[in-house]
1. Could you identify the single residue in Leu32, Leu28, Leu76, Leu58 that is modelled with pLDDT of 90 or more, assigned by TED's automatic domain parsing to the domain that holds Thr172 and open to solvent by less than 30 Å² (accessible area, probe 1.4 Å)?
2. What pairs come out if I take residues in the stretch 218-245 that are more than 20 Å from Tyr321 (Cα to Cα) and aromatic (Phe, Trp, Tyr) and pair them with residues that are part of a loop (DSSP other than H, G, I, E, B) and within 13 Å of the ligand (Cβ to nearest atom) whose C-beta lies under 8 Å away, six or more apart or interchain?
3. Looking at Ser117, Ser110, Ser102 in this structure, which one is closer than 22 Å to Gln303 by Cα, within 16 Å of the ligand (Cβ to nearest atom) and open to solvent by less than 70 Å² (accessible area, probe 1.4 Å)?
4. Those residues that are within 19 Å of Glu83 (Cβ to Cβ) and of a type in the set (Gly, Ala, Ser), I need them from the stretch 115-143; list them, please.
5. Among what's in the stretch 167-204 and is charged (D, E, K, R), within 29 Å of Pro306 (Cα to Cα) and not in a strand (DSSP E or B), pick the residue that is most open to solvent (accessible area, probe 1.4 Å).
6. Does Glu82 satisfy the criteria of being open to solvent by 10 Å² or more (accessible area, probe 1.4 Å), more than 16 Å from the ligand (Cβ to nearest atom), touching a residue at least 12 places away in the same chain (Cβ under 8 Å) and charged (D, E, K, R)?
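The values are calculated or read from the model by the stated rules, or taken from the named source; none is laboratory data. Nothing here was measured: the structure is a model prediction, and the numbers come from that model. Cβ placement follows ideal geometry from the backbone for every residue including glycine, while neighbour counts extend to all protein chains displayed. Side chains included, ligands, DNA and RNA excluded: accessible areas come from the protein's heavy atoms. Shrake-Rupley method; radii C 1.70, N 1.55, O 1.52, S 1.80 Å.
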Amino acid sequence: MHNGVSVTQFIIEEQRRLPEATGDFTSLLNDLVEKGAINGMSGAAETENIQGETQKKLDIITNDVFIASNEWAGHLAAMASEEEDDIYPIPAQYPKGKYLMSFDPLDGSSNIDVNISVGTIFSITKCPEGIENPTKEDFLIPGTEQICAGYALYGPSTMLVLTTGNGVNGFTLDRNIGEFILTHPNMTIPEDTREFAINSSNQRFWEAPVQKYVEECMQGAEGPRGENFNMRWVASMVAEVHRILVRGGIFMYPKDTKDPSKAGKLRIMYEANPMSMIVEQAGGVSHTGYERIMEIKPNDIHQRVPVILGSKNEVERVVGYHND
Ligand code: P6P
(Lines give C-alpha, C1' and ligand atoms only; values in the text may rest on other atoms or scores of the structure.)
Protein backbone atom coordinates (compact mmCIF):
# COMPACT_ATOMS: atom_id res chain seq x y z
CA MET A 1 0.00 0.00 0.00
CA HIS A 2 1.02 3.63 -0.34
CA ASN A 3 2.31 4.13 3.23
CA GLY A 4 4.31 7.33 3.61
CA VAL A 5 3.30 8.82 0.24
CA SER A 6 1.77 12.27 -0.15
CA VAL A 7 -1.86 12.74 -1.13
CA THR A 8 -0.69 14.17 -4.45
CA GLN A 9 1.21 10.99 -5.33
CA PHE A 10 -1.65 8.83 -3.97
CA ILE A 11 -4.24 10.55 -6.18
CA ILE A 12 -2.05 10.21 -9.27
CA GLU A 13 -1.47 6.52 -8.52
CA GLU A 14 -5.23 6.09 -8.02
CA GLN A 15 -5.81 7.68 -11.45
CA ARG A 16 -3.64 4.97 -13.02
CA ARG A 17 -6.22 2.47 -11.76
CA LEU A 18 -8.81 4.13 -14.04
CA PRO A 19 -7.65 3.67 -17.67
CA GLU A 20 -10.36 6.03 -18.90
CA ALA A 21 -9.20 8.78 -16.57
CA THR A 22 -8.04 11.89 -18.42
CA GLY A 23 -6.24 13.51 -15.49
CA ASP A 24 -8.78 16.32 -15.17
CA PHE A 25 -10.22 14.76 -12.07
CA THR A 26 -6.76 14.18 -10.63
CA SER A 27 -5.86 17.83 -11.17
CA LEU A 28 -9.14 18.96 -9.58
CA LEU A 29 -8.49 16.83 -6.52
CA ASN A 30 -4.93 18.07 -6.18
CA ASP A 31 -6.11 21.69 -6.48
CA LEU A 32 -8.79 21.01 -3.90
CA VAL A 33 -6.30 19.43 -1.52
CA GLU A 34 -3.50 21.95 -1.98
CA LYS A 35 -5.66 25.04 -1.73
CA GLY A 36 -9.12 24.33 -0.35
CA ALA A 37 -8.36 22.31 2.76
CA ILE A 38 -5.22 24.23 3.77
CA ASN A 39 -7.03 27.56 3.21
CA GLY A 40 -9.96 26.34 5.26
CA MET A 41 -7.54 25.38 8.03
CA SER A 42 -5.66 28.68 7.89
CA GLY A 43 -9.03 30.53 8.02
CA ALA A 44 -9.75 28.74 11.26
CA ALA A 45 -6.20 29.30 12.59
CA GLU A 46 -6.41 33.05 11.94
CA THR A 47 -9.76 33.40 13.67
CA GLU A 48 -8.29 35.95 16.08
CA ASN A 49 -6.88 38.32 13.40
CA ILE A 50 -9.77 37.80 10.99
CA GLN A 51 -12.48 38.39 13.55
CA GLY A 52 -10.71 41.59 14.50
CA GLU A 53 -10.62 43.06 10.98
CA THR A 54 -13.74 41.81 9.26
CA GLN A 55 -17.46 41.80 9.89
CA LYS A 56 -17.94 38.44 8.00
CA LYS A 57 -18.42 35.15 9.89
CA LEU A 58 -15.63 32.58 9.48
CA ASP A 59 -17.84 30.19 7.57
CA ILE A 60 -18.49 32.88 4.96
CA ILE A 61 -14.78 33.69 4.78
CA THR A 62 -14.04 29.97 4.34
CA ASN A 63 -16.70 29.81 1.63
CA ASP A 64 -15.06 32.69 -0.27
CA VAL A 65 -11.60 31.12 0.10
CA PHE A 66 -12.87 27.74 -1.10
CA ILE A 67 -14.53 29.28 -4.17
CA ALA A 68 -11.50 31.45 -5.00
CA SER A 69 -9.21 28.42 -4.67
CA ASN A 70 -11.24 26.21 -6.99
CA GLU A 71 -12.99 28.43 -9.55
CA TRP A 72 -10.00 29.29 -11.75
CA ALA A 73 -8.41 25.92 -12.62
CA GLY A 74 -10.81 24.82 -15.39
CA HIS A 75 -12.00 21.58 -13.76
CA LEU A 76 -15.41 22.75 -12.51
CA ALA A 77 -18.50 23.98 -14.36
CA ALA A 78 -20.24 25.21 -11.19
CA MET A 79 -20.32 24.86 -7.41
CA ALA A 80 -23.06 24.65 -4.77
CA SER A 81 -22.34 25.77 -1.23
CA GLU A 82 -24.20 25.85 2.07
CA GLU A 83 -23.36 29.56 2.14
CA GLU A 84 -24.70 30.35 -1.34
CA ASP A 85 -28.47 30.58 -1.90
CA ASP A 86 -28.15 29.48 -5.54
CA ILE A 87 -25.48 27.57 -7.47
CA TYR A 88 -22.23 29.42 -8.20
CA PRO A 89 -21.43 29.26 -11.95
CA ILE A 90 -17.73 29.45 -12.87
CA PRO A 91 -17.14 33.10 -13.95
CA ALA A 92 -16.74 33.76 -17.68
CA GLN A 93 -13.05 34.67 -17.35
CA TYR A 94 -12.21 31.10 -16.33
CA PRO A 95 -12.40 27.90 -18.44
CA LYS A 96 -15.24 25.56 -17.48
CA GLY A 97 -14.55 21.93 -16.60
CA LYS A 98 -16.56 18.73 -16.51
CA TYR A 99 -17.26 18.45 -12.77
CA LEU A 100 -19.68 19.94 -10.25
CA MET A 101 -18.72 20.42 -6.61
CA SER A 102 -21.09 20.77 -3.64
CA PHE A 103 -19.55 21.74 -0.32
CA ASP A 104 -20.09 22.85 3.25
CA PRO A 105 -17.16 25.22 3.77
CA LEU A 106 -17.04 25.08 7.54
CA ASP A 107 -19.28 22.46 9.11
CA GLY A 108 -19.81 22.79 12.86
CA SER A 109 -18.70 26.43 12.81
CA SER A 110 -20.62 27.17 16.02
CA ASN A 111 -17.78 25.25 17.69
CA ILE A 112 -15.09 27.67 16.52
CA ASP A 113 -15.42 30.00 19.51
CA VAL A 114 -15.05 27.08 21.92
CA ASN A 115 -12.12 25.58 20.00
CA ILE A 116 -13.78 22.26 19.13
CA SER A 117 -12.91 20.48 15.87
CA VAL A 118 -14.70 21.67 12.73
CA GLY A 119 -14.40 20.62 9.11
CA THR A 120 -15.06 21.15 5.42
CA ILE A 121 -17.17 18.60 3.50
CA PHE A 122 -17.20 18.24 -0.29
CA SER A 123 -18.89 16.12 -2.95
CA ILE A 124 -17.96 15.89 -6.63
CA THR A 125 -20.26 14.78 -9.45
CA LYS A 126 -19.95 14.93 -13.23
CA CYS A 127 -21.52 17.80 -15.16
CA PRO A 128 -23.84 16.31 -17.82
CA GLU A 129 -22.07 15.83 -21.18
CA GLY A 130 -22.17 18.92 -23.41
CA ILE A 131 -23.58 21.20 -20.72
CA GLU A 132 -21.55 24.43 -20.62
CA ASN A 133 -23.80 26.30 -18.20
CA PRO A 134 -25.23 23.86 -15.67
CA THR A 135 -28.37 24.73 -13.76
CA LYS A 136 -29.46 23.75 -10.26
CA GLU A 137 -31.20 20.74 -11.83
CA ASP A 138 -27.83 19.34 -12.96
CA PHE A 139 -26.79 19.09 -9.30
CA LEU A 140 -29.96 17.32 -8.18
CA ILE A 141 -28.92 13.71 -8.79
CA PRO A 142 -28.80 10.79 -6.34
CA GLY A 143 -25.72 10.43 -4.13
CA THR A 144 -24.88 7.16 -5.90
CA GLU A 145 -23.71 9.37 -8.81
CA GLN A 146 -20.94 10.98 -6.74
CA ILE A 147 -17.46 10.23 -8.10
CA CYS A 148 -15.65 11.62 -5.09
CA ALA A 149 -16.43 12.71 -1.53
CA GLY A 150 -14.23 13.89 1.28
CA TYR A 151 -13.72 16.11 4.25
CA ALA A 152 -10.99 18.14 5.86
CA LEU A 153 -10.97 17.94 9.67
CA TYR A 154 -9.41 20.85 11.58
CA GLY A 155 -8.70 19.23 14.94
CA PRO A 156 -5.63 18.42 17.08
CA SER A 157 -4.19 17.48 13.67
CA THR A 158 -5.46 18.61 10.28
CA MET A 159 -6.64 15.65 8.22
CA LEU A 160 -8.07 15.01 4.81
CA VAL A 161 -10.27 11.92 4.33
CA LEU A 162 -11.11 10.99 0.77
CA THR A 163 -12.94 8.39 -1.30
CA THR A 164 -13.10 8.09 -5.08
CA GLY A 165 -15.11 4.87 -4.92
CA ASN A 166 -12.20 2.57 -4.10
CA GLY A 167 -12.24 2.62 -0.30
CA VAL A 168 -11.52 5.46 2.13
CA ASN A 169 -8.08 6.87 2.88
CA GLY A 170 -6.97 9.41 5.50
CA PHE A 171 -4.11 11.88 5.15
CA THR A 172 -2.55 13.99 7.90
CA LEU A 173 -1.06 17.43 7.25
CA ASP A 174 2.68 17.46 7.97
CA ARG A 175 3.14 21.18 8.64
CA ASN A 176 6.93 20.85 8.34
CA ILE A 177 6.63 20.05 4.63
CA GLY A 178 3.11 21.38 3.94
CA GLU A 179 2.00 18.02 2.56
CA PHE A 180 -0.85 15.67 3.47
CA ILE A 181 0.72 12.26 4.15
CA LEU A 182 -1.19 8.94 3.97
CA THR A 183 -1.58 7.95 7.63
CA HIS A 184 -4.89 6.01 7.58
CA PRO A 185 -4.96 3.68 4.55
CA ASN A 186 -8.20 1.78 3.77
CA MET A 187 -10.30 3.10 6.71
CA THR A 188 -12.98 0.58 7.69
CA ILE A 189 -15.91 1.00 10.11
CA PRO A 190 -16.34 -1.91 12.59
CA GLU A 191 -19.73 -3.56 11.92
CA ASP A 192 -20.63 -3.49 15.64
CA THR A 193 -20.44 -0.68 18.15
CA ARG A 194 -21.55 0.25 21.65
CA GLU A 195 -21.29 4.02 21.10
CA PHE A 196 -24.10 6.24 19.83
CA ALA A 197 -24.16 9.93 18.97
CA ILE A 198 -27.36 11.99 19.04
CA ASN A 199 -28.46 15.38 20.43
CA SER A 200 -30.54 14.01 23.31
CA SER A 201 -32.12 17.41 24.04
CA ASN A 202 -34.42 16.62 21.11
CA GLN A 203 -35.57 13.31 22.65
CA ARG A 204 -39.21 14.35 23.10
CA PHE A 205 -39.44 15.20 19.37
CA TRP A 206 -38.04 11.90 17.99
CA GLU A 207 -40.15 9.35 16.14
CA ALA A 208 -40.90 6.06 17.94
CA PRO A 209 -38.15 3.87 16.31
CA VAL A 210 -35.41 6.29 17.42
CA GLN A 211 -37.01 6.64 20.87
CA LYS A 212 -36.97 2.83 21.18
CA TYR A 213 -33.36 2.44 20.00
CA VAL A 214 -31.92 5.14 22.27
CA GLU A 215 -34.00 3.96 25.25
CA GLU A 216 -32.56 0.45 24.86
CA CYS A 217 -29.02 1.86 24.71
CA MET A 218 -29.68 3.89 27.87
CA GLN A 219 -30.99 0.77 29.70
CA GLY A 220 -27.58 -0.80 29.09
CA ALA A 221 -26.71 -4.21 30.57
CA GLU A 222 -29.99 -4.37 32.53
CA GLY A 223 -32.04 -3.75 29.38
CA PRO A 224 -32.83 -5.76 26.22
CA ARG A 225 -29.39 -5.10 24.68
CA GLY A 226 -27.68 -6.72 27.68
CA GLU A 227 -24.68 -4.40 27.27
CA ASN A 228 -23.74 -0.88 28.35
CA PHE A 229 -23.43 1.86 25.76
CA ASN A 230 -21.39 5.06 25.58
CA MET A 231 -22.72 8.35 24.19
CA ARG A 232 -20.97 11.17 22.37
CA TRP A 233 -22.24 14.45 20.86
CA VAL A 234 -19.69 16.93 19.45
CA ALA A 235 -22.16 18.97 17.35
CA SER A 236 -19.68 18.77 14.50
CA MET A 237 -20.66 16.13 11.93
CA VAL A 238 -17.13 15.89 10.51
CA ALA A 239 -15.72 15.06 13.96
CA GLU A 240 -18.49 12.50 14.63
CA VAL A 241 -18.04 10.76 11.27
CA HIS A 242 -14.26 10.71 11.70
CA ARG A 243 -14.60 9.07 15.12
CA ILE A 244 -16.91 6.46 13.58
CA LEU A 245 -14.42 5.77 10.76
CA VAL A 246 -11.66 5.26 13.33
CA ARG A 247 -13.45 3.25 16.06
CA GLY A 248 -17.04 2.61 14.95
CA GLY A 249 -20.29 4.10 16.23
CA ILE A 250 -23.71 5.25 15.10
CA PHE A 251 -24.54 8.92 14.41
CA MET A 252 -28.16 10.04 14.28
CA TYR A 253 -29.75 13.34 13.38
CA PRO A 254 -33.22 11.91 12.82
CA LYS A 255 -36.38 13.57 11.61
CA ASP A 256 -38.03 15.20 14.61
CA THR A 257 -41.29 17.06 15.20
CA LYS A 258 -39.52 20.14 16.65
CA ASP A 259 -40.02 21.84 13.28
CA PRO A 260 -42.45 19.68 11.24
CA SER A 261 -41.60 21.70 8.11
CA LYS A 262 -38.05 20.29 8.19
CA ALA A 263 -37.36 16.67 7.15
CA GLY A 264 -34.21 16.74 9.31
CA LYS A 265 -31.40 19.15 10.12
CA LEU A 266 -28.60 18.01 7.82
CA ARG A 267 -28.47 18.90 4.14
CA ILE A 268 -28.33 16.11 1.60
CA MET A 269 -26.12 17.70 -1.07
CA TYR A 270 -23.08 18.75 0.98
CA GLU A 271 -23.44 16.90 4.29
CA ALA A 272 -25.48 13.69 4.06
CA ASN A 273 -24.48 12.52 0.56
CA PRO A 274 -20.70 12.97 0.81
CA MET A 275 -20.64 11.48 4.30
CA SER A 276 -22.84 8.60 3.07
CA MET A 277 -20.40 7.80 0.26
CA ILE A 278 -17.50 7.82 2.73
CA VAL A 279 -19.37 5.68 5.29
CA GLU A 280 -20.54 3.12 2.70
CA GLN A 281 -17.08 2.94 1.11
CA ALA A 282 -15.76 2.15 4.62
CA GLY A 283 -18.25 -0.73 5.06
CA GLY A 284 -20.89 1.22 7.00
CA VAL A 285 -24.54 2.03 6.27
CA SER A 286 -26.18 5.45 5.78
CA HIS A 287 -29.97 5.67 5.89
CA THR A 288 -32.88 7.97 6.73
CA GLY A 289 -34.59 5.11 8.61
CA TYR A 290 -36.91 4.74 5.62
CA GLU A 291 -34.50 4.70 2.66
CA ARG A 292 -30.80 4.59 1.72
CA ILE A 293 -29.70 8.24 1.66
CA MET A 294 -27.68 7.92 -1.55
CA GLU A 295 -30.72 6.70 -3.49
CA ILE A 296 -32.73 9.87 -2.80
CA LYS A 297 -33.17 12.20 -5.77
CA PRO A 298 -32.79 15.66 -4.19
CA ASN A 299 -35.40 18.31 -5.06
CA ASP A 300 -33.33 21.29 -3.91
CA ILE A 301 -29.65 22.02 -3.29
CA HIS A 302 -30.44 22.85 0.36
CA GLN A 303 -32.83 19.94 0.98
CA ARG A 304 -32.62 18.45 4.48
CA VAL A 305 -32.82 14.74 5.30
CA PRO A 306 -32.81 12.58 8.41
CA VAL A 307 -29.40 10.91 8.89
CA ILE A 308 -28.67 7.58 10.62
CA LEU A 309 -25.18 6.37 9.70
CA GLY A 310 -22.27 4.30 10.93
CA SER A 311 -21.61 0.71 12.03
CA LYS A 312 -23.59 -1.62 9.78
CA ASN A 313 -25.29 -3.81 12.39
CA GLU A 314 -26.45 -0.91 14.59
CA VAL A 315 -27.79 1.18 11.68
CA GLU A 316 -29.59 -1.89 10.34
CA ARG A 317 -31.15 -2.44 13.78
CA VAL A 318 -32.54 1.14 13.76
CA VAL A 319 -33.79 0.67 10.19
CA GLY A 320 -35.48 -2.55 11.36
CA TYR A 321 -37.30 -0.60 14.07
CA HIS A 322 -38.54 1.83 11.41
CA ASN A 323 -39.85 -1.11 9.36
CA ASP A 324 -41.65 -2.68 12.35
P1 P6P B 1 -27.16 20.60 16.97
C2 P6P B 1 -23.38 21.68 12.66
O3 P6P B 1 -24.15 22.85 12.76
C4 P6P B 1 -24.28 20.58 12.13
O5 P6P B 1 -24.71 20.91 10.84
C6 P6P B 1 -23.53 19.25 12.14
O7 P6P B 1 -22.17 19.39 11.91
C8 P6P B 1 -23.81 18.72 13.52
O9 P6P B 1 -23.81 17.30 13.58
C10 P6P B 1 -25.21 19.27 13.84
O11 P6P B 1 -25.41 20.41 12.99
C12 P6P B 1 -25.32 19.72 15.28
O13 P6P B 1 -26.68 20.12 15.49
O14 P6P B 1 -28.66 20.72 16.82
O15 P6P B 1 -26.74 19.54 17.94
O16 P6P B 1 -26.45 21.92 17.20
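1. It is Leu76.
2. Trp233/Ile198; Trp233/Asn199
3. Ser102
4. Scanning the stretch 115-143 gives Gly119, Ser123.
5. Arg204
6. No, not satisfied.
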